[in-house]
Amino acid sequence: MIATIISDVKKHYPVLLNELVSIITPQYGGTFIDCTFGQGGYTKKILDFKETKVIGIDRDIESSKRAEEIEKKFKDRFIFKNIKFSQINNLKLKNVNVKGVIFDLGYSYTQIKDPKKGLSFESVGDLNMKLGLNNFSAKNVINSLEEKELEQIFKYFGEEKESKRIAHNIVQDRKLHKITTEELVRIIESSKRKKNYKTHSATKVFQALRIFVNKEISELINGLINATKVIKKDGIIAVVTFHSLEDRIVKYFFKSLSENKSISRYMPKNNEKINILKLINKKPIIPSKKEIYENPPSRSAKLRYAIKQENCYEFETDIFDKFKDLIEIENFSKKL
Ligand SMILES: C[S@@+](CC[C@H](N)C(=O)[O-])C[C@H]1O[C@@H](n2cnc3c(N)ncnc32)[C@H](O)[C@@H]1O
């Protein structure tokens, strides 16, 4: 899940950076949207090429500190917006020729280590997990949702095998105690019948809660749809994912819009179906052995990209239908 690691705390490793650059080719200039600005690793690399401009986006206001430093250095070539990437279609980019939209999903090491965010099972105190611009926290989820709902979140967003027992024990425990991060970890550990010595017992439940609290499924789907709308013909969408749920969504979206299924709402006169996107590689690009050695959390990264084939800004997609089970689970949050 962790996209970026800092082995000596001051060093920052943007994942698959060289591979990304070879796809989006900033050496030929152009305007790019970095949908997950984070520590500015990708943005900085793009701006090192003279004829480029970057719009950096991050839902976490903490990123604006790093953005200010970059803004000072690249005054006319960089702006930062503290918005969610599902909203890039509101950026008023009609007259901008956006050459590439990039996503590096997940969280940075800085965020995972921030005790206020409570993203990690090593955190202490109140449950939180909000990345920014959220309506509810993990504390609300754990203390308010029904047992069956918690079970489904852990099962489908975390692929947690003991989801039923964990959800049951949470609901029993919350009648007696306030559930803090430490208490949740204790409940998960005591609910597990089999110990896994490779990963921490709480890894999957924490992943599930982070996905739920940040509505990552609908964020990603809307982000992909709106990225496809804002780029012009020959523009590129590139996405780095870190777990199978994200990768399945990206894979399906690119495949479905590149396989004679995508239909523009404004059909060409001859009523032909048009493919909005084109895929160059069917398989994702993964980090080299060297990158994994230098930055072990990069081992789960997958980079997929697609190229826009037509100047078409309205199109139909069945992606919400395809992932409706996950969206239904996300909608449990409506009552929070
Ligand atoms: C893995 S980090 C990106 C690191 C960045 N590529 C770099 O090199 O510094 C992911 C970033 O995306 C942000 N993020 C996650 N979901 C988002 C969303 N829906 N909208 C905007 N930003 C989001 C997180 O706050 C985090 O800062």
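FYI, it's all coordinate maths here, none of it is from the lab. These numbers come from a predicted model, not from an experiment. So basically every Cβ, Gly included, is an ideal-geometry build from the backbone, and we count neighbours across all protein chains shown.
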- Provide the per-residue ³J(HN,Hα) series for the stretch 215-228, in order, calculated from phi with Karplus coefficients 6.51, -1.76, 1.60 and θ = phi - 60°, each as a whole number of Hz, with x at glycine and proline positions. 6, 5, 5, 6, 4, 5, 4, 5, x, 5, 4, 6, 5, 5
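Full-extension gain between Glu71 and Asn196, please, as 0.36 nm times their residue separation minus the C-alpha to C-alpha distance. Don't skip to the end; give the middle numbers.
Numbers: separation 125, 0.36 × 125 = 45.00 nm, distance 4.55 nm.
Full extension from Glu71 to Asn196 adds 40.4 nm.
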- Query: Summing +1 for each Lys or Arg and -1 for each Asp or Glu, what net charge is found among the other residues whose Cβ lies under 11 Å from the Cβ of His243?
  - Reply: 0
- Over the Cα atoms of the stretch 143-284, compute the convex hull volume and normalise it per residue, giving Å³. 148 Å³
- Query: Which lysines have a Cα less than 17 Å from the Cα of Lys273, not counting those fewer than 8 places away in the same chain?
  - Reply: Lys233, Lys255, Lys261, Lys308
- Rounded tilt (10° steps) of 181-191 against the dominant C-alpha axis of the chain: 70 degrees
- Using alpha carbons only, how many degrees (0 to 90, rounded to 10) separate the axis of helix 244-256 from the longest principal axis of the chain? 30 degrees
- Message: Taking 8 Å as the Cα distance limit and 6 or more residues as the minimum spacing, I'd like the relative contact order of the chain as a percentage.
- Response: 19 percent
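Quick check: net charge around Lys161, other residues with Cβ under 12 Å of its Cβ, Lys/Arg +1 and Asp/Glu -1? Don't jump to the answer; show the numbers that get you there.
Details: positive: Lys155, Lys164, Arg165, Lys192, Arg193, Lys194, Lys204; negative: Glu151, Glu159, Glu160, Glu162.
Counting the neighbours of Lys161, the net charge comes to +3.
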- Can you give the relative contact order of the stretch 135-213 as a percent, counting alpha carbon pairs under 8 Å and 6+ residues apart? 41 percent
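Which length gain, in nm to one decimal place, applies between Asp48 and Asn311 when the Cα-Cα distance is subtracted from 0.36 nm times their residue separation? Numbers along the way, then the final one.
On the way: separation 263, 0.36 × 263 = 94.68 nm, distance 2.88 nm.
Fully extending the segment from Asp48 to Asn311 adds 91.8 nm.
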- Expressed in whole Å with the largest first, what are the equivalent ellipsoid semi-axes of the stretch 67-121 derived from the C-alpha gyration tensor as the square root of 5 times each eigenvalue? 27, 16, 10
- Project the alpha carbons of the stretch 135-213 onto their principal axes and report the range along each, largest first, in whole Å. 33, 26, 20
- Message: Taking just the alpha-carbon atoms of the chain, what radius of gyration and Dmax come out, in angstrom?
- Response: 20.5, 67
- If you line up the long axis of helix 203-213 against the longest principal axis of the chain, both from Cα atoms, how many degrees apart are they, to the nearest 10? 60 degrees
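Tell me the mean residue ellipticity at 222 nm calculated for the chain from its helices only (DSSP H runs of n ≥ 4, each -39500 (n - 2.57), averaged over every residue, nearest 500). Let's see the in-between values first.
Details: 14 runs with 122 residues, N = 336.
Result for the chain, helices only: -10000 deg cm²/dmol.
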- Mind listing which GluC sites (Glu not before Pro) in the stretch 70-148 are in a DSSP loop and have 15 or fewer other Cβ atoms within 10 Å? Glu122, Glu146
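Using only the C-alpha atoms of the stretch 55-171, find the volume of their convex hull and express it per residue in Å³.
Numbers: hull volume 16.4 nm³, N = 117.
In the stretch 55-171, the Cα convex hull volume per residue is 140 Å³.
Taking a threshold of 24 Å on the Cα-Cα distance, which of the pairs Lys148/Lys192; Lys204/Lys251; Lys50/Lys232; Lys161/Lys282; Lys84/Lys334; Lys204/Lys324 fall above it?
Working: Lys148/Lys192 18 Å; Lys204/Lys251 22 Å; Lys50/Lys232 21 Å; Lys161/Lys282 31 Å; Lys84/Lys334 19 Å; Lys204/Lys324 21 Å.
Exceeds cut-off: Lys161/Lys282.
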